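The structure appears below as structure tokens.
Nothing in this text is a laboratory measurement; each read-out follows from the coordinates by a stated rule. All figures in this text were calculated on a predicted structure; none of them were measured in a lab. Cβ: placed from backbone, ideal geometry, glycine included. Neighbour counts: every protein chain shown.
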């Protein structure tokens, strides 16, 4: 019987999916965190692979009244 392997790619995709499912308020809080000294420190600790997820936070399309501008 083959053992299933859990790859970094699997983990990365799960984290990206979690980010995509955040509410607007949570997304805003995450964007503020990543721009803070604490966010920069987390980036240094977590590494470049996870930092690539930053685009998911900054490029999420606006919804509702925010999309009218």
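What length, rounded to one decimal in nm, is gained on full extension from residue 18 through to residue 31, with 0.36 nm per residue of separation minus their alpha-carbon distance?
Working: separation 13, 0.36 × 13 = 4.68 nm, distance 1.45 nm.
Extra length from residue 18 to residue 31 when fully extended: 3.2 nm.
Given the peptides 5-13, 49-57, 37-45, arrange them by the average over their residues of other C-beta atoms within 10 Å, most packed first. It would help to have the intermediate numbers written out before the result.
On the way: 5-13: 9.8, 49-57: 14.3, 37-45: 11.3.
Ranked by mean Cβ neighbours within 10 Å, highest first: 49-57, 37-45, 5-13.
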